[in-house]
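Some notes on the structure that comes next.
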Amino acid sequence: MRARVMLGLCLSLGFACNFAGASSCMEDEAPAVSWLQSAVTRHQNNVVRAGQIPEPTKLLEPFEAAMCAADHSADLNRPVQQIIDEIGPTFDGFCHFWSHVPWFHGTPSIHFFKNYVQDTNATLQMFGGYLGLNKGQLVTYNIDGAPPGLKSHLDAPNYAYDDPYCWSLGFLKNQGLDGNLISNYEAWKAIGQEECRKIQAEYNFTDEEMTVADHVDYNPTINAKSKCAAGLGPAGCTPVTIREYKKHAYLKCLLGDESPEMTYCYMRGCLLPGNYIGHGSDCAD
């Protein structure tokens, strides 16, 4: 079954498929996985050589849709823990809610291929509006519990949210994560699970707080509050809190995996002296 899905993906992406090789993949799922990984890698390399930023999430959407496109809208307002109790340990919340939350796209492929590695440039530019390294406005974040003078350049519109969000989770370079383990799927996943335990031990979120509907509906509020914290909101606005960031992150823990978030944050930024959040080549070892 998986091999047939992969062959369909090859065709939908317009790859120059070797049909004999693709057909032979159907006899064994392991070669099929290796074949698709190689095809995706070749396609991404061609895009990079063309001077474009690869978009692996969009690239894999046909593949994920074949696995995860079922309608689970009836579960959106249910506590995720109830769904886990019903389905059991095979529950993959990112696949379960794939049709309903665009930012869950990409994670099912991570699980299928057992590969957390992301491209640094892609993480910096994936949401559009990128101005170039340190070309954006320099802002200082006013967040209760943040160190004095926490700041970053807003090189793209999402940075006002993602920079303090990643900092609050402790997922930037120089905040204690061992980035050498990103390429070790099981080890990196285990670190993510431990980070999830730390979040819940700190905040003890209730089951009722943890619904996908709330996660989605409250996200624009977090975005507005993050802009407020960066000094970009209207007078009298309320800055975001660390609890709000960690509540957003913990829902992904319940869905099954916080490690893609760790990778995204670690690959895109670092905490430098002076409480400055750097990006890209700012963070070179």
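Between residues in segment 163-178 that are over 19 Å from Tyr203 (Cβ atoms) and residues that are crowded, with 24+ Cβ neighbours inside 10 Å and acidic (Asp, Glu), which pairs lie under 9 Å by C-beta distance while being six or more apart or on different chains?
That search, which allows pairs on different chains as well, returns Leu172/Asp163.
In segment 124-133, which residue that is open to solvent by less than 80 Å² (accessible area, probe 1.4 Å) and touching a residue at least 60 places away in the same chain (Cβ under 8 Å) is nearest to Leu169 (Cα to Cα)?
Leu124
Looking only at helices (runs of 4 or more DSSP H) that fall completely inside segment 64-182, which ones have 1 or more residues that are more than 19 Å from Ala284 (Cβ to Cβ)?
80-87, 93-96, 107-113, 159-169
Which of the numbered conditions does Glu186 fail, given that it passes all the others? Conditions: (1) in a loop (DSSP other than H, G, I, E, B); (2) surrounded by fewer than 17 Cβ atoms within 10 Å (Cβ to Cβ).
Every listed condition holds for Glu186 apart from (1).
Among (1) within 18 Å of the chain's Cα centre (by Cα); (2) more than 17 Å from Glu258 (Cα to Cα), which single condition is Ile199 missing?
(2)
Hey, among Cys265, Cys270, Cys253, which residue is in a helix (DSSP H, G or I), open to solvent by less than 30 Å² (accessible area, probe 1.4 Å), at pLDDT 95 or above and within 14 Å of Asp163 (Cβ to Cβ)?
Working: Cys270 fails: in a helix (DSSP H, G or I); Cys253 fails: within 14 Å of Asp163 (Cβ to Cβ).
Only one candidate qualifies: Cys265.
Which condition number in (1) without any contact (Cβ under 8 Å) to a residue 40 or more places away in the chain; (2) surrounded by fewer than 19 Cβ atoms within 10 Å (Cβ to Cβ); (3) touching a His at 6+ places or on another chain (Cβ under 7 Å) is the one that Gly136 fails?
(2)
For segment 75-100, enumerate the residues that are over 24 Å from Ala187 (Cα atoms) and either surrounded by fewer than 19 Cβ atoms within 10 Å (Cβ to Cβ) or out of contact with any helix residue (DSSP H, G or I) (no Cβ under 9 Å at 6 or more places or on another chain) (or both).
If the condition is that a residue be over 24 Å from Ala187 (Cα atoms) and either surrounded by fewer than 19 Cβ atoms within 10 Å (Cβ to Cβ) or out of contact with any helix residue (DSSP H, G or I) (no Cβ under 9 Å at 6 or more places or on another chain) (or both), then Leu76, Asn77, Arg78, Pro79, Gln81, Gln82, Asp85, Glu86, Ile87, Ser99, His100 are the ones that fit.
Scan segment 226-250 residue by residue and report those that are hydroxyl-bearing (Ser, Thr, Tyr) and either touching a Cys at 6+ places or on another chain (Cβ under 8 Å) or surrounded by fewer than 23 Cβ atoms within 10 Å (Cβ to Cβ) (or both).
Result: Thr238, Thr241, Tyr245, Tyr250.
The values are calculated or read from the model by the stated rules, or taken from the named source; none is laboratory data. Quick caveat, the model's predicted, so the values are computed rather than measured. Here Cβ is always computed from backbone atoms with ideal geometry, including for glycine, and neighbour counts include all displayed protein chains. Remember, those area values only see protein heavy atoms, side chains included, never the ligands or the DNA or RNA. Shrake-Rupley method; radii C 1.70, N 1.55, O 1.52, S 1.80 Å.
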